[in-house]
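The values are calculated or read from the model by the stated rules, or taken from the named source; none is laboratory data. Source: prediction; values computed, not measured. Cβ atoms come from the backbone with ideal geometry, glycine included; neighbour counts cover every protein chain shown.
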Amino acid sequence: MPDAALAARVRALVYERGPLTGAEVQAALGGEVFALWRACVTASDLDLRVIGQRYLRLDRTVEGFARLSPSILREFLTYTVVGAVDRPVDLDNAAVRLAARTAVISRTKLRLARRIVEEAFEPLVRDGRADATAFCVLAAGDIVHGMAHDVPRRESSTEIVVDGSDLDVVVLIDDAAPGGLAALLDEAILARKWLYLRNPAFREEVDYVIKPVARLREQAEFDSFPKMVACKVFAEGVPIFGDEGLYARAGRLLEEAGVPERLRELEATAIANREERRERLLALPDDVLPEPHQVIFYTTDEAAEFEH
């Protein structure tokens, strides 16, 4: 369907129902999402409001590894409100509601990540099996950027349907900690992971990694894709349990290796590339997205970014 005809259908829909997210428009009209995105972006009588922020994501499929998250597709479906250009107040109000809802989801998931970690590790600390000064725990991923969502999706290893963004957790262990601490922490958090994944009251996916400071020091070399990802995940994380002094020392380790500056350079590249990639998509002649361009619009499974 030509862009103009599809845009007319979108316009009729939002006049009838008010401003809608990209996902809501697609649910109502169906069809190829790329064609829908392009029709909405290019129509002069439609307006779009994008909420939240964009932040660096590392992706093997992208030249230079740097792209922005959310992807163009995710941004349109989940974080964009589409409305009529002559009804700006309605559109602004809808965007405010969407931003507020996204913030609530992010805060709720961050609280849940802290709760899961406390349930896993506090008993070990209380009975003396684990020293709380020997490790620290961080939450990472889109929850710390305030960009979590609750769009149902299938967890890759079990095919269980989970509620949107996963809970990314990093456990960093002091190199001087007892040798069995990593295995003890792993056993404890793995039990909570399966409980929260399989319990229909939660359906939350916990993705975690446990590593010593020595491993982070090696990853600070920043000379391969997995090392770059590991550094980014740690650098964006916020402490939620354990020794914040250890967290601060690890942060200084990354700073001394120049990691924050290199991440800023990658983010600048991703920002510069985003608009060029967007314009390239808009210039395509057909409604169907050809395979060589799919990596620009669709992201790979975003959980794959969380490298060990």
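The table that follows gives values for the structure above.
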read-out: Qualifying residue in the stretch 121-130 (condition: touching a residue at least 40 places away in the same chain (Cβ under 8 Å), in the same structural domain as Ile240 (by TED's automatic domain parsing) and under 15 Å from Asp207 (Cα atoms)); value: no
read-out: Selection status of Leu263, closer than 30 Å to Asp186 by Cβ, at pLDDT 95 or above and not assigned by TED's automatic domain parsing to the domain that holds Gly141; value: yes
read-out: Gly83, sole failed condition from (1) outside any helix (DSSP H, G or I); (2) under 16 Å from the mean Cα position of the chain (by Cα); (3) not aromatic (Phe, Trp, Tyr); value: (2)
read-out: Residues within the stretch 131-156 that are among the polar types (S, T, N, Q) and within 15 Å of Glu204 (Cβ to Cβ), tallied; value: 1
read-out: Selection from the stretch 27-48 of residues that are of a type outside the set (Gly, Ala, Ser) and surrounded by 19 or more Cβ atoms within 10 Å (Cβ to Cβ); value: Phe34, Leu36, Trp37, Arg38, Cys40, Leu46, Asp47, Leu48
read-out: Among residues of the stretch 233-245, those that are assigned to a helix (DSSP H, G or I) and among the charged types (D, E, K, R), counted; value: 2
read-out: Residue list for the stretch 153-198, filter: polar (S, T, N, Q) and either at pLDDT 85 or above or within 20 Å of Ala230 (Cα to Cα) (or both); value: Ser165
read-out: Contacts under 8 angstrom Cβ, first residue in the stretch 197-226 being under 21 Å from Ala66 (Cα atoms) and without any contact (Cβ under 8 Å) to a residue 40 or more places away in the chain, partner among the aliphatic types (A, V, I, L, M) and part of a helix (DSSP H, G or I), 6 or more apart; value: Gln219/Ala230; Ala220/Leu253; Ala220/Leu254; Ala220/Val259
read-out: Set Arg67, Arg38, Arg60: member being touching a residue at least 12 places away in the same chain (Cβ under 8 Å), part of a loop (DSSP other than H, G, I, E, B) and more than 21 Å from Arg97 (Cα to Cα); value: Arg60
read-out: Residue check for Arg74: among the charged types (D, E, K, R) and in a helix (DSSP H, G or I); value: yes
read-out: Any chance Val151 is surrounded by fewer than 17 Cβ atoms within 10 Å (Cβ to Cβ), within 21 Å of Ser106 (Cα to Cα), among the aliphatic types (A, V, I, L, M) and out of contact with any His (no Cβ under 7 Å at 6 or more places or on another chain); value: yes
read-out: Among the residues listed as Val213, Val259, the single one being among the β-branched types (Val, Ile, Thr) and under 23 Å from Ile143 (Cα atoms); value: Val259
read-out: Failed item in (1) surrounded by fewer than 17 Cβ atoms within 10 Å (Cβ to Cβ); (2) not assigned by TED's automatic domain parsing to the domain that holds Arg67, with Leu284 passing the rest; value: (2)
read-out: Residue that is farthest from the chain's Cα centre (by Cα), among those in the stretch 162-183 that are crowded, with 17+ Cβ neighbours inside 10 Å and farther than 20 Å from Val144 by Cβ; value: Ala177
read-out: Single residue of Ala250, Ala257, Ala214 found to be at pLDDT 95 or above and within 24 Å of the chain's Cα centre (by Cα); value: Ala250
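Results for (1) part of a loop (DSSP other than H, G, I, E, B); (2) surrounded by fewer than 18 Cβ atoms within 10 Å (Cβ to Cβ), shown as yes or no for each residue.
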{"site": "Asp186", "(1), (2)": "no, yes"}
{"site": "Leu190", "(1), (2)": "no, yes"}
{"site": "Phe202", "(1), (2)": "yes, yes"}
{"site": "Leu216", "(1), (2)": "no, no"}
{"site": "Cys231", "(1), (2)": "no, no"}
{"site": "Tyr247", "(1), (2)": "no, no"}
{"site": "Ala250", "(1), (2)": "no, no"}
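To keep it simple, each residue is scored yes or no on (1) surrounded by fewer than 18 Cβ atoms within 10 Å (Cβ to Cβ); (2) acidic (Asp, Glu); (3) modelled with pLDDT of 95 or more; (4) on the phi > 0 side of the Ramachandran plot.
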| residue | (1), (2), (3), (4) |
| --- | --- |
| Ile51 | no, no, yes, no |
| Arg60 | yes, no, no, no |
| Thr80 | no, no, yes, no |
| Val104 | yes, no, yes, no |
